[in-house]
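The values are calculated or read from the model by the stated rules, or taken from the named source; none is laboratory data. Small disclaimer: the values here were computed from a predicted structure and weren't measured. Here the Cβ positions follow ideal geometry from the backbone for every residue, glycine too, while neighbour counts run over all protein chains shown.
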Amino acid sequence: MNRLVIVSDAWHPQVNGVVRTLTQLREQMEARGVEVTIISPADYPSAPCPTYPEIRLALTYPAAVKARIEALQPAFVHIATEGPLGIMARRACLKNKWRFTTSFHTRFPEYLRERLPIPLAWTYGFLRRFHNAAETCLVPTQSIYEELTERGFDTLRVWTRGVDRDLFRPQADVDLGLAHPVFLCVGRVAPEKNLEAFLALDLPGTKLVVGDGPDMDELKRKFPDAVFAGKKEGEELARHYAGADVFVFPSRTDTFGLVLLEAIACGLPVAAYPVAGPKDVIGATGAGVLSADLHEAALGALAMGSVDPDTTLQGFSWEACADIFEDILTAIAGAKPQLGHEAKAARIASAG
(Lines give C-alpha, C1' and ligand atoms only; values in the text may rest on other atoms or scores of the structure.)
Protein backbone atom coordinates (compact mmCIF):
# COMPACT_ATOMS: atom_id res chain seq x y z
CA MET A 1 0.00 0.00 0.00
CA ASN A 2 2.20 2.86 -1.21
CA ARG A 3 0.14 4.99 -3.60
CA LEU A 4 -3.31 6.43 -2.98
CA VAL A 5 -5.46 8.62 -5.23
CA ILE A 6 -8.22 10.64 -3.61
CA VAL A 7 -10.82 12.13 -5.95
CA SER A 8 -12.80 15.03 -4.53
CA ASP A 9 -15.02 17.77 -5.92
CA ALA A 10 -14.33 19.69 -2.69
CA TRP A 11 -10.81 21.02 -2.19
CA HIS A 12 -8.86 24.16 -1.36
CA PRO A 13 -9.52 27.09 -1.27
CA GLN A 14 -12.88 25.88 0.09
CA VAL A 15 -13.16 25.90 3.88
CA ASN A 16 -15.40 23.08 5.03
CA GLY A 17 -15.39 19.75 6.83
CA VAL A 18 -14.73 17.70 3.70
CA VAL A 19 -11.62 19.67 2.78
CA ARG A 20 -10.35 19.66 6.35
CA THR A 21 -10.85 15.91 6.66
CA LEU A 22 -9.09 15.12 3.39
CA THR A 23 -6.23 17.51 4.16
CA GLN A 24 -5.63 15.83 7.51
CA LEU A 25 -5.98 12.38 5.96
CA ARG A 26 -3.35 13.18 3.35
CA GLU A 27 -0.94 14.40 6.02
CA GLN A 28 -1.51 11.33 8.18
CA MET A 29 -1.16 8.86 5.31
CA GLU A 30 1.96 10.53 3.94
CA ALA A 31 3.50 10.33 7.42
CA ARG A 32 2.88 6.57 7.19
CA GLY A 33 4.79 6.28 3.92
CA VAL A 34 1.84 6.42 1.51
CA GLU A 35 2.16 8.60 -1.61
CA VAL A 36 -1.10 10.58 -1.89
CA THR A 37 -2.41 12.43 -4.95
CA ILE A 38 -5.56 14.54 -4.82
CA ILE A 39 -7.58 14.88 -8.03
CA SER A 40 -9.76 17.96 -7.60
CA PRO A 41 -11.33 20.85 -9.55
CA ALA A 42 -8.01 22.67 -9.14
CA ASP A 43 -6.66 20.36 -11.88
CA TYR A 44 -9.21 21.42 -14.51
CA PRO A 45 -11.14 24.40 -15.83
CA SER A 46 -14.14 24.87 -13.55
CA ALA A 47 -17.39 26.74 -13.08
CA PRO A 48 -19.17 27.84 -9.90
CA CYS A 49 -21.83 25.53 -8.54
CA PRO A 50 -25.31 27.11 -8.83
CA THR A 51 -26.47 28.55 -5.45
CA TYR A 52 -23.10 27.53 -3.94
CA PRO A 53 -20.45 29.52 -5.88
CA GLU A 54 -17.63 28.73 -3.45
CA ILE A 55 -17.72 25.19 -4.82
CA ARG A 56 -16.13 24.88 -8.25
CA LEU A 57 -17.35 22.14 -10.60
CA ALA A 58 -14.65 20.60 -12.79
CA LEU A 59 -15.18 20.92 -16.54
CA THR A 60 -13.58 17.83 -18.03
CA TYR A 61 -14.39 14.46 -19.60
CA PRO A 62 -14.62 10.94 -18.14
CA ALA A 63 -11.80 9.77 -20.42
CA ALA A 64 -9.49 12.45 -19.00
CA VAL A 65 -10.18 11.41 -15.42
CA LYS A 66 -9.71 7.74 -16.30
CA ALA A 67 -6.41 8.49 -18.03
CA ARG A 68 -5.19 10.54 -15.06
CA ILE A 69 -5.93 7.74 -12.58
CA GLU A 70 -4.39 5.11 -14.83
CA ALA A 71 -1.23 7.19 -15.30
CA LEU A 72 -0.81 7.49 -11.54
CA GLN A 73 -0.96 3.69 -11.10
CA PRO A 74 -2.37 3.85 -7.57
CA ALA A 75 -2.79 0.90 -5.28
CA PHE A 76 -6.08 2.43 -4.10
CA VAL A 77 -8.67 4.96 -5.23
CA HIS A 78 -10.85 6.79 -2.73
CA ILE A 79 -13.79 8.82 -4.08
CA ALA A 80 -14.71 11.42 -1.50
CA THR A 81 -17.63 13.21 -3.16
CA GLU A 82 -20.56 12.50 -5.44
CA GLY A 83 -19.99 15.47 -7.77
CA PRO A 84 -18.78 15.49 -11.40
CA LEU A 85 -15.26 14.26 -10.63
CA GLY A 86 -16.54 11.61 -8.25
CA ILE A 87 -19.03 10.35 -10.83
CA MET A 88 -16.37 10.18 -13.54
CA ALA A 89 -13.88 8.44 -11.25
CA ARG A 90 -16.50 5.89 -10.19
CA ARG A 91 -17.33 5.21 -13.83
CA ALA A 92 -13.65 4.66 -14.63
CA CYS A 93 -13.18 2.32 -11.66
CA LEU A 94 -16.21 0.20 -12.56
CA LYS A 95 -15.30 0.04 -16.23
CA ASN A 96 -11.74 -1.05 -15.51
CA LYS A 97 -12.56 -3.22 -12.49
CA TRP A 98 -10.46 -1.03 -10.23
CA ARG A 99 -11.61 -1.37 -6.66
CA PHE A 100 -12.39 1.83 -4.80
CA THR A 101 -13.77 3.19 -1.56
CA THR A 102 -16.10 6.15 -1.06
CA SER A 103 -17.14 8.41 1.81
CA PHE A 104 -20.43 10.06 2.71
CA HIS A 105 -19.81 13.56 4.01
CA THR A 106 -22.82 15.69 3.19
CA ARG A 107 -26.61 15.43 3.20
CA PHE A 108 -26.97 16.64 -0.37
CA PRO A 109 -30.60 15.44 -0.61
CA GLU A 110 -31.63 17.72 2.26
CA TYR A 111 -29.46 20.61 1.00
CA LEU A 112 -30.96 20.29 -2.47
CA ARG A 113 -34.49 20.16 -1.08
CA GLU A 114 -33.83 23.50 0.67
CA ARG A 115 -33.48 25.02 -2.81
CA LEU A 116 -35.60 22.87 -5.16
CA PRO A 117 -38.70 20.67 -4.68
CA ILE A 118 -36.88 17.41 -5.41
CA PRO A 119 -38.08 14.35 -3.41
CA LEU A 120 -35.53 12.95 -0.98
CA ALA A 121 -36.18 9.44 -2.31
CA TRP A 122 -34.83 10.43 -5.74
CA THR A 123 -31.55 11.88 -4.52
CA TYR A 124 -31.02 9.20 -1.87
CA GLY A 125 -31.63 6.60 -4.58
CA PHE A 126 -28.81 8.11 -6.63
CA LEU A 127 -26.49 8.23 -3.62
CA ARG A 128 -27.33 4.62 -2.70
CA ARG A 129 -26.36 3.39 -6.17
CA PHE A 130 -23.24 5.55 -6.11
CA HIS A 131 -21.90 4.26 -2.80
CA ASN A 132 -23.08 0.65 -2.92
CA ALA A 133 -20.71 0.02 -5.82
CA ALA A 134 -17.71 0.71 -3.55
CA GLU A 135 -15.76 -1.83 -1.52
CA THR A 136 -16.48 0.29 1.57
CA CYS A 137 -18.40 3.50 2.13
CA LEU A 138 -17.04 5.48 5.07
CA VAL A 139 -19.59 7.42 7.15
CA PRO A 140 -18.82 9.93 9.92
CA THR A 141 -21.00 8.70 12.79
CA GLN A 142 -23.00 5.75 14.07
CA SER A 143 -26.20 7.76 13.64
CA ILE A 144 -25.50 8.30 9.95
CA TYR A 145 -24.57 4.62 9.64
CA GLU A 146 -27.98 3.63 10.99
CA GLU A 147 -29.88 6.15 8.86
CA LEU A 148 -28.18 5.07 5.64
CA THR A 149 -28.59 1.38 6.47
CA GLU A 150 -32.33 1.96 6.73
CA ARG A 151 -32.20 3.58 3.29
CA GLY A 152 -30.57 0.50 1.75
CA PHE A 153 -26.90 1.52 1.81
CA ASP A 154 -24.46 -1.31 2.47
CA THR A 155 -20.69 -1.84 2.94
CA LEU A 156 -20.75 1.01 5.48
CA ARG A 157 -18.14 1.67 8.14
CA VAL A 158 -17.96 4.45 10.72
CA TRP A 159 -15.02 6.79 10.18
CA THR A 160 -14.31 9.16 13.06
CA ARG A 161 -12.89 12.69 12.89
CA GLY A 162 -10.30 14.67 14.80
CA VAL A 163 -9.20 18.16 15.74
CA ASP A 164 -5.90 20.04 15.80
CA ARG A 165 -5.32 20.37 19.54
CA ASP A 166 -2.27 22.60 19.04
CA LEU A 167 -4.37 25.21 17.24
CA PHE A 168 -7.71 24.81 19.01
CA ARG A 169 -7.08 25.14 22.74
CA PRO A 170 -8.36 27.06 25.78
CA GLN A 171 -6.93 30.59 25.99
CA ALA A 172 -7.64 32.64 29.09
CA ASP A 173 -6.45 36.01 27.75
CA VAL A 174 -8.81 36.44 24.78
CA ASP A 175 -11.07 39.51 24.81
CA LEU A 176 -13.31 39.90 21.76
CA GLY A 177 -14.66 43.20 23.06
CA LEU A 178 -18.20 41.77 23.31
CA ALA A 179 -20.67 41.64 26.17
CA HIS A 180 -20.63 38.30 27.98
CA PRO A 181 -21.91 35.70 27.88
CA VAL A 182 -20.91 35.22 24.23
CA PHE A 183 -22.91 32.58 22.38
CA LEU A 184 -20.92 31.59 19.30
CA CYS A 185 -21.90 29.86 16.07
CA VAL A 186 -19.28 29.00 13.43
CA GLY A 187 -20.13 27.83 9.93
CA ARG A 188 -21.38 28.68 6.48
CA VAL A 189 -24.08 31.36 6.51
CA ALA A 190 -26.53 29.41 4.38
CA PRO A 191 -30.09 28.02 4.66
CA GLU A 192 -29.03 24.47 5.54
CA LYS A 193 -27.21 25.68 8.66
CA ASN A 194 -30.50 26.82 10.26
CA LEU A 195 -28.89 29.97 11.71
CA GLU A 196 -32.22 31.70 12.25
CA ALA A 197 -33.02 29.17 14.97
CA PHE A 198 -29.97 30.49 16.85
CA LEU A 199 -30.30 34.18 16.01
CA ALA A 200 -33.97 34.30 17.05
CA LEU A 201 -33.19 33.06 20.57
CA ASP A 202 -33.71 35.44 23.49
CA LEU A 203 -30.31 35.11 25.15
CA PRO A 204 -28.28 37.36 27.46
CA GLY A 205 -25.01 38.88 26.28
CA THR A 206 -23.97 38.56 22.62
CA LYS A 207 -24.84 36.26 19.74
CA LEU A 208 -21.75 35.96 17.53
CA VAL A 209 -21.63 34.37 14.06
CA VAL A 210 -18.31 33.49 12.43
CA GLY A 211 -18.50 32.51 8.78
CA ASP A 212 -19.68 33.76 5.41
CA GLY A 213 -22.25 32.73 2.85
CA PRO A 214 -25.24 33.73 0.73
CA ASP A 215 -27.58 34.52 3.64
CA MET A 216 -25.24 37.04 5.27
CA ASP A 217 -26.94 40.28 4.12
CA GLU A 218 -30.44 39.03 4.88
CA LEU A 219 -29.54 37.80 8.36
CA LYS A 220 -27.68 41.02 9.19
CA ARG A 221 -30.80 42.97 8.27
CA LYS A 222 -33.14 40.66 10.15
CA PHE A 223 -31.01 40.37 13.31
CA PRO A 224 -29.21 43.71 13.77
CA ASP A 225 -28.32 42.97 17.41
CA ALA A 226 -26.17 39.95 16.45
CA VAL A 227 -22.48 40.29 15.61
CA PHE A 228 -21.34 38.90 12.26
CA ALA A 229 -17.55 38.57 12.23
CA GLY A 230 -17.17 37.06 8.75
CA LYS A 231 -14.92 34.14 7.83
CA LYS A 232 -12.01 33.41 10.15
CA GLU A 233 -9.26 30.83 9.84
CA GLY A 234 -6.27 29.53 11.77
CA GLU A 235 -5.27 31.33 14.96
CA GLU A 236 -7.87 34.06 14.46
CA LEU A 237 -10.63 31.44 14.36
CA ALA A 238 -9.20 29.70 17.43
CA ARG A 239 -9.25 32.99 19.35
CA HIS A 240 -12.92 33.54 18.52
CA TYR A 241 -13.72 30.14 19.96
CA ALA A 242 -11.60 30.79 23.05
CA GLY A 243 -13.20 34.21 23.63
CA ALA A 244 -16.75 32.82 23.71
CA ASP A 245 -18.68 31.16 26.52
CA VAL A 246 -21.01 28.73 24.71
CA PHE A 247 -20.98 27.18 21.26
CA VAL A 248 -24.43 26.91 19.67
CA PHE A 249 -24.88 24.46 16.79
CA PRO A 250 -28.34 24.95 15.23
CA SER A 251 -27.85 22.72 12.17
CA ARG A 252 -30.15 19.73 11.82
CA THR A 253 -28.49 18.36 8.66
CA ASP A 254 -24.72 18.18 9.24
CA THR A 255 -23.37 14.64 9.20
CA PHE A 256 -20.73 15.37 11.86
CA GLY A 257 -19.81 19.00 12.48
CA LEU A 258 -16.04 19.39 12.89
CA VAL A 259 -16.75 22.75 14.51
CA LEU A 260 -18.14 20.81 17.48
CA LEU A 261 -14.71 19.30 18.13
CA GLU A 262 -12.99 22.65 17.59
CA ALA A 263 -15.28 24.32 20.13
CA ILE A 264 -14.81 21.57 22.71
CA ALA A 265 -11.02 21.67 22.17
CA CYS A 266 -11.19 25.37 23.12
CA GLY A 267 -13.11 24.55 26.30
CA LEU A 268 -16.60 25.56 25.14
CA PRO A 269 -19.72 23.67 26.17
CA VAL A 270 -22.03 22.98 23.22
CA ALA A 271 -25.77 23.55 22.78
CA ALA A 272 -27.41 21.64 19.94
CA TYR A 273 -30.43 19.69 18.78
CA PRO A 274 -30.43 15.92 19.45
CA VAL A 275 -29.72 14.98 15.83
CA ALA A 276 -26.99 13.05 14.01
CA GLY A 277 -23.63 14.70 14.56
CA PRO A 278 -24.31 16.36 17.91
CA LYS A 279 -25.84 13.14 19.26
CA ASP A 280 -22.65 11.27 18.43
CA VAL A 281 -20.13 13.94 19.47
CA ILE A 282 -21.85 15.40 22.52
CA GLY A 283 -23.23 12.01 23.49
CA ALA A 284 -19.69 10.61 23.46
CA THR A 285 -18.04 13.55 25.22
CA GLY A 286 -20.69 14.89 27.59
CA ALA A 287 -19.44 18.35 26.65
CA GLY A 288 -22.79 20.05 26.24
CA VAL A 289 -26.57 19.96 26.30
CA LEU A 290 -28.85 18.49 23.62
CA SER A 291 -32.49 19.51 23.51
CA ALA A 292 -35.32 19.98 21.03
CA ASP A 293 -35.57 23.42 22.69
CA LEU A 294 -32.39 25.21 21.56
CA HIS A 295 -32.94 28.03 24.06
CA GLU A 296 -33.00 25.49 26.88
CA ALA A 297 -29.86 23.83 25.52
CA ALA A 298 -28.02 27.17 25.27
CA LEU A 299 -28.78 28.22 28.84
CA GLY A 300 -28.02 24.72 30.08
CA ALA A 301 -24.64 24.75 28.36
CA LEU A 302 -23.91 28.19 29.85
CA ALA A 303 -24.64 26.81 33.32
CA MET A 304 -22.10 24.01 32.71
CA GLY A 305 -19.19 26.39 32.43
CA SER A 306 -16.03 25.50 30.53
CA VAL A 307 -15.24 21.88 29.69
CA ASP A 308 -11.95 19.99 29.88
CA PRO A 309 -10.88 18.96 26.35
CA ASP A 310 -8.32 16.51 27.70
CA THR A 311 -11.03 14.32 29.18
CA THR A 312 -13.86 14.99 26.71
CA LEU A 313 -12.02 14.52 23.40
CA GLN A 314 -10.47 11.11 24.00
CA GLY A 315 -11.00 9.01 20.88
CA PHE A 316 -11.44 11.98 18.55
CA SER A 317 -8.13 12.43 16.77
CA TRP A 318 -6.83 12.58 13.20
CA GLU A 319 -4.57 9.63 14.04
CA ALA A 320 -7.65 7.53 14.85
CA CYS A 321 -9.27 8.72 11.63
CA ALA A 322 -6.23 7.59 9.62
CA ASP A 323 -6.06 4.29 11.53
CA ILE A 324 -9.54 3.35 10.34
CA PHE A 325 -8.77 4.36 6.76
CA GLU A 326 -5.50 2.43 6.75
CA ASP A 327 -7.20 -0.63 8.24
CA ILE A 328 -9.76 -0.65 5.42
CA LEU A 329 -7.13 -0.32 2.70
CA THR A 330 -4.97 -3.02 4.28
CA ALA A 331 -7.94 -5.40 4.33
CA ILE A 332 -8.67 -4.69 0.67
CA ALA A 333 -5.03 -5.19 -0.26
CA GLY A 334 -5.07 -8.58 1.41
CA ALA A 335 -8.12 -9.64 -0.56
CA LYS A 336 -7.27 -8.48 -4.07
CA PRO A 337 -4.27 -7.58 -6.24
CA GLN A 338 -3.32 -3.94 -6.43
CA LEU A 339 -4.94 -1.67 -9.02
CA GLY A 340 -1.57 -0.80 -10.47
CA HIS A 341 -0.71 -4.44 -11.04
CA GLU A 342 -4.10 -5.04 -12.68
CA ALA A 343 -3.67 -2.10 -15.01
CA LYS A 344 -0.15 -3.13 -15.92
CA ALA A 345 -1.25 -6.68 -16.66
CA ALA A 346 -4.10 -5.38 -18.83
CA ARG A 347 -1.75 -3.21 -20.86
CA ILE A 348 0.69 -6.09 -21.37
CA ALA A 349 -2.15 -8.35 -22.48
CA SER A 350 -3.51 -5.78 -24.93
CA ALA A 351 -0.04 -5.08 -26.33
CA GLY A 352 0.65 -8.77 -26.84
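The rows are residues; the columns are (1) without any contact (Cβ under 8 Å) to a residue 40 or more places away in the chain; (2) assigned by TED's automatic domain parsing to the domain that holds ALA322; (3) touching a His at 6+ places or on another chain (Cβ under 8 Å); (4) over 20 Å from GLU192 (Cβ atoms).
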{"residue": "VAL15", "(1), (2), (3), (4)": "no, yes, no, no"}
{"residue": "GLU30", "(1), (2), (3), (4)": "yes, yes, no, yes"}
{"residue": "GLU54", "(1), (2), (3), (4)": "no, yes, no, no"}
{"residue": "ALA58", "(1), (2), (3), (4)": "no, yes, no, yes"}
Residue satisfying all of: in region 202-222; out of contact with any strand residue (DSSP E or B) (no Cβ under 7 Å at 6 or more places or on another chain) and within 25 Å of MET304 (Cβ to Cβ); surrounded by the most Cβ atoms within 10 Å (Cβ to Cβ) among these: PRO204
Test set (1) modelled with pLDDT of 95 or more; (2) surrounded by fewer than 19 Cβ atoms within 10 Å (Cβ to Cβ); (3) assigned by TED's automatic domain parsing to the domain that holds PRO278 - ARG157 fails condition number: (3)
Test: residue in region 234-246 that is surrounded by 24 or more Cβ atoms within 10 Å (Cβ to Cβ) and without any contact (Cβ under 8 Å) to a residue 24 or more places away in the chain: no
Tally, over region 100-113, of residues that are over 15 Å from the mean Cα position of the chain (by Cα) and either crowded, with 22+ Cβ neighbours inside 10 Å or among the β-branched types (Val, Ile, Thr) (or both): 2
Filtered residues of region 188-215 (kept if small (Gly, Ala, Ser) and either modelled with pLDDT of 95 or more or in a helix (DSSP H, G or I) (or both)): ALA197, ALA200, GLY205, GLY211
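Got a number for residues in region 115-166 being of a type in the set (A, V, I, L, M, F, W, C) and within 16 Å of the chain's Cα centre (by Cα)? Let's see the steps before the verdict.
Kept after step one, since they are of a type in the set (A, V, I, L, M, F, W, C), are these residues of region 115-166: 116, 118, 120-122, 126-127, 130, 133-134, 137-139, 144, 148, 153, 156, 158-159, 163.
If we keep only those that are within 16 Å of the chain's Cα centre (by Cα) as well, we get 137-139, 144, 158-159, 163.
Result for region 115-166: 7.
Could you list, in sequence order, the residues of region 121-157 that are among the β-branched types (Val, Ile, Thr) and in contact (Cβ under 8 Å) with a residue 40 or more places away in the chain? So that I can check it myself, show each step before the final result.
Step one: of region 121-157, the residues among the β-branched types (Val, Ile, Thr) are 123, 136, 139, 141, 144, 149, 155.
Across region 121-157, the qualifying residues are THR136, VAL139, THR141, ILE144.
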Strands (runs of 3 or more DSSP E) contained entirely in region 10-118, each with at least 1 residues that are at pLDDT below 90 and under 26 Å from LEU148 (Cβ atoms): 46-49, 52-58
HIS240 being part of a helix (DSSP H, G or I) and at pLDDT 95 or above: yes
